[in-house]
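Here is the structure we will look at.
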Amino acid sequence: MIKAKGLSKSFMQAVKEPGLKGAVKHLFLPRHIEKVAVKPLDLRIEAGETVAYVGPNGAGKSTTIKMLTGILMPSSGSISVNGINPYRKRMENAAQIGAVFGQRTQLWWDIPIAESFSLLKDIYQIPDALYRKNMDLFTEMLGMSEFIHLSARKLSLGQRMRADLAAALLHNPPILYLDEPTIGLDVSVKEKIRGFIKQINQEQQTTVMLTTHDLGDIEDLCKRLVIIDHGAIIYDGTLSEVKARFAKNRVIFFQVRSPMPELYELLEQSPGLKLTQQSSQEFSVTFDRYEYTASEVVSRVMKHGEVLDFRMEDTHIEQVIKAVYDGHLDLNEHRGARGQEPNDDSSRA
Ligand SMILES: Nc1ncnc2c1ncn2[C@@H]1O[C@H](COP(=O)(O)OP(=O)(O)O)[C@@H](O)[C@H]1O
Ligand SMILES: [Mg+2]
């Protein structure tokens, strides 16, 4: 559905010295440096996929989305979205995509939301029946009836985001781009929005690409995760794979009947195990899943005292992604050439 090859974007950034003197100097002798926002990247997204596009601030996520939606012209490379070059054929492209940018609204600021929707109906030439069907469905699912008569200006952020999402999908586009759709929203609105996106994806096979800082969005919505850092894709694969491969450390929490002074002996005999004591009868053991199995760790602890209870903590995606950003995990360690494996067409039929 979405194919990008060698896609890159550089901006010319003005270099200005501070103060009036700098401003005057810049006027006569403007200096610019080239800022590479997105390095040449390949990306392929199949119809019906939900892909999370994740990375730290300034990584190049929004720039990529803007090129894919046709808002920005790429510096190099090619894009084909459902067979259309989004920048050259902006009108045709607009008919097949919906886009929500969390930081901005596409609704008219001063007219009631309901009026904005009816303007969009005309712009996109949405047939009456489809329009009515979608309006009913979206109003119900996103709980819009309480604010549909208000202007965008008067909406809370959560209401505005729901209205924007509905606006983006009124014409049933096969592709939906979302740039930080849940930013700044409270949990209940986030859940509404996620449920809605999930349902649209399942019922209409809408292809969804979303950027987010919210790891709950990823866990809830996306099977595939693409991580970008400094303008380059550093991971492209499934969420479960990144968790399983890179979540090396596992933690088991123990509760024991009486304090266990022999624990330190255990640690001496088992290099690599790390102990964190919560109280005299509660502690956790951290271990590398490639060195020990969970049952090995449990049985070693049980040799030294009476275990009342233990539980395993699942790895949080937060920890994994943070480790990826921080460069603590060498993503190439486990795979061949960088990014080659998941981009291989045969692996994603
Ligand atoms: N219009 C622009 N002019 C100059 N630099 C820009 C422009 N838009 C983005 N950038 C720069 O490109 C980089 C990537 O930005 P962006 O794609 O917005 O990152 P993200 O969405 O991942 O936070 C940043 O360093 C940003 O400052
Ligand atoms: Mg951004």
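Considering only residues of the range 38-52 that are of a type in the set (A, V, I, L, M) and more than 11 Å from ligand 1 (Cβ to nearest atom), which is nearest to GLN96 (Cα to Cα)?
The residue in question is ALA47.
Would you please list the contacts, defined by Cβ atoms under 6 Å and residues six or more apart or on different chains, that run from a residue in the range 42-54 that is over 16 Å from PRO173 (Cα atoms) and open to solvent by 20 Å² or more (accessible area, probe 1.4 Å) to a residue that is modelled with pLDDT of 95 or more and not in a loop (DSSP other than H, G, I, E, B)?
ASP42/LYS5; ARG44/LYS3
Just for the range 53-100: of the residues that are within 13 Å of ligand 1 (Cβ to nearest atom) and among the hydrophobic types (A, V, I, L, M, F, W, C), which one is nearest to VAL242 (Cα to Cα)?
VAL54
Give the residue, chosen from ALA349, ALA294, that is among the aliphatic types (A, V, I, L, M), open to solvent by 90 Å² or more (accessible area, probe 1.4 Å) and either at pLDDT 85 or above or within 27 Å of LEU239 (Cβ to Cβ) (or both).
ALA349
Which count do you get for residues in the range 276-291 that are open to solvent by 30 Å² or more (accessible area, probe 1.4 Å) and either touching a helix residue (DSSP H, G or I) at 6+ places or on another chain (Cβ under 7 Å) or under 21 Å from GLU306 (Cβ atoms) (or both)?
7
In this structure, is LYS35 open to solvent by 80 Å² or more (accessible area, probe 1.4 Å), away from ligand 2 (no atom under 16 Å from the Cβ), in contact (Cβ under 8 Å) with a residue 24 or more places away in the chain and of a type in the set (D, E, K, R)?
no
Which is more than 16 Å from ligand 2 (Cβ to nearest atom) and under 22 Å from ILE227 (Cβ atoms), of LEU43, LEU68, LEU27, LEU72?
Residue meeting the stated conditions: LEU43.
The values are calculated or read from the model by the stated rules, or taken from the named source; none is laboratory data. Note that the structure is a prediction, hence the values are computed from the model and not measured. Here the Cβ is made from the backbone with ideal geometry for all residues, glycine too, and neighbour counts use every protein chain on show. Side chains included, ligands, DNA and RNA excluded: accessible areas come from the protein's heavy atoms. Shrake-Rupley method; radii C 1.70, N 1.55, O 1.52, S 1.80 Å.
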